[in-house]
Amino acid sequence: MHDSKNLLLVRIVFVLTKVASVLLLLILLFVVVSVIATAVSPSPILLRTPNKQLTLRTSGLDVIFRFEQAKQPSHAVTSAFLSALPITACNIVVLFQLRKILSTVLEGNPFVAENARRLRYIAFALFAIAILSTLTGALTGRWQQEMIQLPGVQTVVRWRFDPGQIGVGVLILVLAEVFRQGVAMKEEQDLTI
């Protein structure tokens with residue numbers, strides 16, 4: 001009974017990773033189409049700014065941002081979308097490897113050398129996501145800083161690094177090594193018997 005509950009949970013997670021993979025691929029497709037459409041359109045379609053300004057309307061206040069001719073917000077949106085591409089690709093790698101690991105669990109043979117390798121791929125993808133998120137956040141912030149000039153207001157671009165993502169990557173690398181050694185011990189034990 002306990003094993004059937006665990007297998008059901010693994011099946012649910014397996015299906016959820018499949019759904020998440022499809023959603024990420026759709027997002028990736030949307031980003032690519034949006035970037036291409038913005039690049040070929042004479043007037044940017046992602047963020048229309050008539051009269052070179054963007055107005056944010058609230059119930060009691062309108063905030064109007066005025067832009068220079070060469071610094072239209074659509075370029076910032078395009079750069080943000082472009083920077084999301086490698087991060088999305090890394091997330092797809094994580095989900096793909098996780099699905100392969102879960103499929104070996106469903107087959108009843110999770111302790112194989114390929115799963116240790118898959119865990120390492122997941123860890124390296126998490127490292128890449130942490131680094132890319134930091135870089136793209138700073139670059140997008142810099143572009144926004146150049147684009148939006150408010151009199152009397154100082155803007156500061158921050159490098160925000162998430163050490164938690166690196167910590168999770170290190171933890172998964174350690175788990176991959178433990179898994180690799182466990183597989184080696186299992187193979188040695190199988191040869192002894």
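The values are calculated or read from the model by the stated rules, or taken from the named source; none is laboratory data. Computed from a predicted model, the values in this text were never measured in an experiment. Using ideal geometry, Cβ is built from the backbone for each residue, glycine included, and neighbour counts are taken over all protein chains shown.
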Tabulated pairs, the stretch 165-179, first more than 20 Å from ILE131 (Cα to Cα), second surrounded by 13 or more Cβ atoms within 10 Å (Cβ to Cβ), C-beta under 7 angstrom, 6+ apart or interchain: LEU175/LEU119; ALA176/ALA116; ALA176/LEU119; ALA176/ARG120; ALA176/ALA123; PHE179/ASN115; PHE179/ALA116; PHE179/LEU119
Check whether at least one residue in the stretch 158-168 is basic (Lys, Arg), under 30 Å from LEU98 (Cα atoms) and out of contact with any strand residue (DSSP E or B) (no Cβ under 6 Å at 6 or more places or on another chain), and report yes or no. yes
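If only one of LEU171, LEU106, LEU191, LEU119 is in a helix (DSSP H, G or I) and either hydroxyl-bearing (Ser, Thr, Tyr) or surrounded by 15 or more Cβ atoms within 10 Å (Cβ to Cβ) (or both), which one is it?
LEU119
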Let me spell it out: the conditions are (1) outside any helix (DSSP H, G or I); (2) over 16 Å from the mean Cα position of the chain (by Cα), and TRP143 meets all of them except one. Which number is the exception? (1)
Take the conditions surrounded by fewer than 11 Cβ atoms within 10 Å (Cβ to Cβ), more than 19 Å from VAL13 (Cα to Cα), modelled with pLDDT of 65 or more and among the polar types (S, T, N, Q) and apply them to THR58. Does it pass? yes
The residue that is modelled with the lowest pLDDT, considering only those in the stretch 102-149 that are farther than 14 Å from GLN165 by Cα and in contact with a Pro (Cβ under 7 Å, 6 or more places away or on another chain), is MET147
